[in-house]
1. Out of 82, 78, 133, 73, report the one residue that is at pLDDT 90 or above and either closer than 25 Å to residue 19 by Cβ or surrounded by 12 or more Cβ atoms within 10 Å (Cβ to Cβ) (or both).
2. Select from the stretch 188-204 the residues that are in a strand (DSSP E or B) and surrounded by fewer than 17 Cβ atoms within 10 Å (Cβ to Cβ) and list them in ascending order.
3. Those residues that are closer than 15 Å to residue 22 by Cβ and out of contact with any strand residue (DSSP E or B) (no Cβ under 7 Å at 6 or more places or on another chain), I need them from the stretch 197-223; list them, please.
4. If residue 259 satisfies every condition in (1) surrounded by fewer than 16 Cβ atoms within 10 Å (Cβ to Cβ); (2) under 28 Å from residue 27 (Cβ atoms); (3) in contact with a strand residue (DSSP E or B) (Cβ under 6 Å, 6 or more places away or on another chain) but one, which is the exception?
5. Which condition from (1) at pLDDT 95 or above; (2) more than 17 Å from residue 176 (Cβ to Cβ) is the one that residue 214 breaks?
6. I'm trying to understand the selection: among the residues of the stretch 217-241, which are part of a strand (DSSP E or B) and over 15 Å from residue 177 (Cβ atoms)?
7. Inspect the stretch 179-193 for any residue being free of Cβ contacts under 8 Å to residues at least 24 places away in the same chain and out of contact with any helix residue (DSSP H, G or I) (no Cβ under 9 Å at 6 or more places or on another chain) and give the result as yes or no.
8. Within the stretch 13-125, which helices (runs of 4 or more DSSP H) (wholly inside it) include 3 or more residues that are closer than 25 Å to residue 169 by Cα?
């Protein structure tokens, strides 16, 4: 791999989801009775999640993928499985500039936002001189030194997940994303702190070393949204196959391991 290729891979947090794992995730969603009418993958990469979703959700009316990388878009468009599926619509777009609310507002209920956001931090991006970043602001409302030091360094996926949660408020919708486990906990904390709608939440551990050659604690995060629920808990499963869980949640405004 050339140094330029490596920089591009790092810049885009490029952990492409293997088709095998994408299919496992979609099978889990089917098992959970997720039955979307519209599926959106905001960073579709080479299209493995789109392919798995097309197979797993035959009743979905529309499957939309958005991707910034032209090389990946070429690969997606060469995928005969997706090319033949009239439900699939693939667009080039920058997540940080795309008019997501306009797209989501055109979708009927039973929306599923699916995929795998970049596993890099804003400080890593800055070191690379990358422009693949959200506009700089103190989105967690840290004060004083916290805003200037460690707490202002965040996973790009954390910022992107928060945007997705905002799109799905007051909707009959699901979010299903691969992410670091710590990022999933931070999202639950954000939902609680902002008193946003959340009907149900669960994480399912995945083997990040096996699928991404990454030494991190990672999971599939599944959130269900509706128009009124504010259920700030998360059922934690050790794997996609596990049926046993513990429930983390809030007691006296503190997140505890098992409620």
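1. Working: 82 fails: at pLDDT 90 or above; 78 fails: at pLDDT 90 or above; 133 fails: at pLDDT 90 or above.
The match here is 73.
2. Result: 200, single match.
3. Result: 207, 210, 211, 212.
4. (2)
5. Among (1) at pLDDT 95 or above; (2) more than 17 Å from residue 176 (Cβ to Cβ), residue 214 violates only (1).
6. At the first step, the residues of the stretch 217-241 found to be part of a strand (DSSP E or B) are 218-225, 230, 233-237.
Across the stretch 217-241, the qualifying residues are 230, 233, 235, 236, 237.
7. yes
8. 19-31, 48-56, 100-105
The values are calculated or read from the model by the stated rules, or taken from the named source; none is laboratory data. Everything quoted here is computed from the prediction, not taken from an experiment. FYI the Cβ positions are ideal-geometry reconstructions off the backbone, even for glycines, and counts take in every protein chain you see.
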